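Okay, structure first, notes after.
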Amino acid sequence: MTEHNHRESAGTAGEATTAVGEPRLEATDIDFSYGDVAVLGGVSASIDAASVTALIGPNGSGKTTLLRTLAGLHDPTGGEIVYRGPPAARRVGYLPQRPAFRPGFTVLETLTFYASLVGGDRADASARLERVGLADADDRQVDALSGGMTRLVGIAQATIGDPPVVVLDEPASGLDPGMSKRVFEIASELAETGTAVVLSSHDLELVDSEADRILLLDGGEIVERGSPDSVRDRLDVASLRGAYEASIEGDLRRVRVQSQGETS
Ligand code: ADP
């Protein structure tokens, strides 16, 4: 996180209340390249308080790269991200796509360690565990958890210290339908307490019913944005899946043509 590319906004210190829709992160004209490979091009988006923003798009469209950039884990190659939240010991919490914890510790020990990094204690860690429904798993070894439980511990970890922004990379991937729904409910509960939540997901039905806003990414660019209702209305489709297919169909054809060209 450089000062230039991920800077703090002046004038928001001392802000006491959280109004729905206040920007917490503002990304302007973000480019990102891995060496010569351009992955994001000119992405602008605001991640707002008290709402769940869902990032959807095909595999390889740049969702993880954008989320990592928003979380400040790497700097954009161009453009800037401005944090507009209140002063916080931890501004952004992040759940990686494949969370992993150091083996040999219990769930509660692991979360207490993370809490201590942001000035919290065991009680904070316990409260987070309860929130994700894992209070009974506090003395389980982190390396003996199912994939779903590991992800829930990861969500608890991402929310320790009450960061104003929480970034969740595919928090519901590989979970059974009940647990996926629970993950989206947790995201909504966080939003209800004022947190700006941004998550990626391939579960378009849950995104349609639970997210406040969507950003549809294709080929590293945002091709649709708005509330699920407004996107469906604009594209005159009955479901978010219809909107997704209408928006990326042309590009899928282009990718196929390109890859045929490359192999010939
Ligand atoms: P998504 O999350 O939408 O699947 P990613 O952000 O993971 O997309 O990847 C976007 C593109 O960037 C893909 O083409 C991927 O192959 C490429 N990519 C991702 N990580 C790296 C990396 N470390 N080095 C080079 N290319 C990468």
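Restricted to Cα positions, what overall size does segment 102-225 have along the principal axes? Three whole-Å values, descending.
For segment 102-225, the Cα extents along the three principal axes come out at 43, 29, 25 Å.
Please list the non-local residues whose amide H lies under 5 Å from the amide H of T77, H modeled 1.01 Å from N, same-chain partners needing a gap of 5 or more.
D31, F32, S33
In the chain, what % of DSSP beta bridges are antiparallel (nearest 5)?
On the way: 19 of 39 bridges.
Just about 50 percent of them are antiparallel.
Using packing as a proxy for protection, rank 170-181, 70-81, 192-203 so that the peptide with the highest average count of other Cβ atoms within 10 Å comes first. Don't skip to the end; give the middle numbers.
Values: 170-181: 17.0, 70-81: 18.7, 192-203: 21.7.
In descending order of packing, they fall as 192-203, 70-81, 170-181.
Give me the percent relative contact order of the chain, please, defined on Cα pairs under 8 angstrom at least 6 residues apart. Kindly include the intermediate steps, with their values, before the conclusion.
Working: 525 pairs, mean separation 62.9, N = 264.
Normalised by residue count, the contact order of the chain is 24 percent.
Mind pulling the per residue volume of the convex hull built on the Cα atoms of segment 76-137? Å³ is fine.
Working: hull volume 8.5 nm³, N = 62.
Per residue, the Cα convex hull of segment 76-137 comes to 137 Å³.
Once amide H atoms are placed 1.01 Å from N in the peptide plane, what residues at a sequence separation of 5 or more from Y94, or on another chain, have their amide H within under 5 Å of its amide H?
Answer set, sorted by chain and number: V167.
Using every Cα-Cα pair within segment 144-200, state what percent have a distance larger than 18 Å. Kindly include the intermediate steps, with their values, before the conclusion.
Values: 417 of 1596 pairs.
Above the 18 Å cut-off, segment 144-200 has 26 percent of its Cα pairs.
Ignoring everything except DSSP H segments at least 4 long, calculate the 222 nm mean residue ellipticity for the chain; use -39,500 (n - 2.57) per segment, divide by total residues, nearest 500. Present the calculation step by step, with values, prior to reporting the outcome.
On the way: 8 runs with 97 residues, N = 264.
Using -39500 (n - 2.57) per qualifying helix, the result is -11500 deg cm²/dmol.
To the nearest 0.05, how large is the calculated FRET efficiency for T77 and D139 if R₀ is 45 Å and r is the Cβ-Cβ distance?
Working: r = 45 Å, r/R0 = 1.00.
That gives a FRET efficiency of 0.50.
Among L235, G62, L190, whose Cα sits farthest toward the positive end of the charge dipole of the chain (+1 at Cβ of Lys/Arg, -1 at Cβ of Asp/Glu, about the Cα centre)?
G62
At 0.36 nm per residue, minus the direct Cα-Cα distance, what do S239 and S33 gain on full extension? Give it in nm, one decimal, please. The partial results should precede the final answer.
Numbers: separation 206, 0.36 × 206 = 74.16 nm, distance 3.29 nm.
Length gained between S239 and S33: 70.9 nm.
Rg and Dmax of the chain, Cα atoms, in Å?
Reported Rg and Dmax, both Å: 18.8, 62.
We did not get these values from a lab; they are worked out from the coordinates using the rules stated. Note that this is a predicted model, so its numbers are computed, not measured. All Cβ positions, even for glycine, are placed from backbone atoms using ideal geometry, and neighbour counts span all protein chains on display.
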